[in-house]
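For reference, the structure is listed below as structure tokens.
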Amino acid sequence: MDLFEEKGDNNMSHENLKSMPLATRMRPASLHEFAGQEHLVGEGKMLQRMISSGVIGSLVLYGPPSSGKTTLAHVLSREIDARFEVINAVLDGVNELKKVVSKAKYRLKASRKKTILFIDEIHRWNKAQQDALLPHLESGVITLVGATTENPFYSLVSPLLSRCQLFELYPLATEHVHLMLERALDDKERGLGYMNLEVSDDAKRHLAEYAGGDIRNALNALEVAALSTPKDINGKVKITLEIAKESIQQRNVRYNRSGDEHYHYASAFIKSMRGSDVDAALYWMNAMLEGGEDPNFIFRRMLIFASEDVGMADPYALTVVNATQDAFQKNGMPEGFYFLAHACIFLSLSPKSNSTKAIFLVNDEIKNKGAGEVPAHLKDKTANKLASRYLDVQNVSENYKYPHDYERHWVQQHYLPDVLQGRTWFEGGSEGREEILIKRLKEIRKMNKIGK
């Protein structure tokens, strides 16, 4: 039986409540009990205003795991006294939707009671399944509350998005988890207040911090600690920091290799290296690894970085990353941490240059205007020699000046199409080894101007 199935479920016996996990018992039953997401449910905010008016339209709740999407959907249904129906997009399809709609139509006629349909992981439904929702949202038979950890602009079809309001939930902070732990310890009906418990401040702080924003994780650990710790001679259960550490042994990392967090963490990692903050770069790289990221993805990002952000300031960076990836593949983990750190630290502390972006400027030029004609003296010498012989024309390739025949292996001549003479795209930096290369570039460009 769902604790939140009907409004009167709080009248269940204390024994029935005790049989449920603490996290289920402590799930907020009203907006007043809801922790976090003040930007949505705080005084005067959009969702709070919708609830106060009693008019809730279809909406999509978008946010990381354990941010309170399901709980908020339950609260919404209770606040407006609506029937709450649940479909799991992983397990259920259009047939289950038809059953829910049929019951909703009957309920609306018989009692005028509204039906909120909560679809968890709605992004798992394909286009046809999502389209099946549209006529029922248009008729008002059901009010949709969808929950997704994926970016809805990529995972949901446009017609569905246009019929729903989108609300983004943020990861819960440590203080929100701490608040729910305190409530669980004080609540004698749904929580652990009926027990003779004494939880040290250090233990509560550890549970709140180590849960990584996951209230369910923290409450489950608290319950394990409370039920597994023997009473002392005074009949009191004392939960110390050591007991708390034993009860929550796996820190929750907010990371999903296929979700938005994947890109957010990778972005933070790259930007930290670009900003030469080696500590932050090591932090975000490790956060990705703890979340289950493929180390080869991280190496690929560092290979790109070696050319895009270090580039000509230290051309050796590309060699370093290739070598560390090769060493990683030969040794694996945990020794592989050394090679990942080696590459990360090297890139973070290397001089920076993004002058390789010149390739994209040239690419834009050719895409917009097409490639120009190859100057005569740069054309293939063999082909021009044959044309000269059989067509009795001048071999224009003979005008090509071979740089190695000249002092410093350079000679003044133009290499771009005639219409682009004097155009430049590459602008080098002044950091690291590139400073030497740019000194030579400036000399060459100066001599080209003098020679004209």
Pick from the range 161-176, criterion in contact (Cβ under 8 Å) with a residue 60 or more places away in the chain and more than 20 Å from the chain's Cα centre (by Cα), ranking: farthest from residue 201 (Cα to Cα) = 163
So which residues in the range 335-377 are over 26 Å from residue 411 (Cβ atoms) and of a type in the set (Ser, Thr, Tyr), if there are any at all?
-> 338, 348, 350, 353, 356
What residue, of 192, 172, is buried (at least 20 other Cβ atoms within 10 Å of the Cβ), assigned to a loop (DSSP other than H, G, I, E, B) and at pLDDT below 85?
-> 172
Quickly run through the range 259-288 and pick out the residues that are within 18 Å of residue 333 (Cβ to Cβ) and surrounded by fewer than 20 Cβ atoms within 10 Å (Cβ to Cβ).
-> 282, 286, 287
Residue that is farthest from residue 74 (Cα to Cα), among those in the range 21-37 that are in contact (Cβ under 8 Å) with a residue 60 or more places away in the chain and crowded, with 19+ Cβ neighbours inside 10 Å = 22
Across the range 180-189, the tally of residues that are assigned to a helix (DSSP H, G or I) and in contact with a helix residue (DSSP H, G or I) (Cβ under 9 Å, 6 or more places away or on another chain) stands at 6
Residues in the range 36-52: is at least one touching a helix residue (DSSP H, G or I) at 6+ places or on another chain (Cβ under 8 Å) and at positive phi?
-> yes
Does residue 362 meet the test of being within 21 Å of residue 428 (Cβ to Cβ), part of a helix (DSSP H, G or I) and touching a Pro at 6+ places or on another chain (Cβ under 8 Å)?
-> no
Criterion: touching a residue at least 60 places away in the same chain (Cβ under 8 Å) and either within 28 Å of residue 31 (Cβ to Cβ) or buried (at least 21 other Cβ atoms within 10 Å of the Cβ) (or both) - qualifying residue of 117, 108, 137, 133 = 137
Condition broken by residue 405, with the remaining ones in (1) modelled with pLDDT under 85; (2) surrounded by 11 or more Cβ atoms within 10 Å (Cβ to Cβ) satisfied = (2)
Pair list, Cβ under 6 Å, 6 or more apart: the range 416-443 residue within 30 Å of residue 370 (Cα to Cα), other residue in a loop (DSSP other than H, G, I, E, B) and of a type in the set (S, T, N, Q) | 429/353
Selection status of residue 411, at pLDDT below 75 and either in contact with an Asp or Glu (Cβ under 6 Å, 6 or more places away or on another chain) or farther than 18 Å from residue 445 by Cβ (or both) | no
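The values are calculated or read from the model by the stated rules, or taken from the named source; none is laboratory data. Here the structure is a predicted model, which means the values were calculated and not measured. Every residue, glycine as well, gets a Cβ built from its backbone with ideal geometry; the counts of neighbours run over all protein chains shown.
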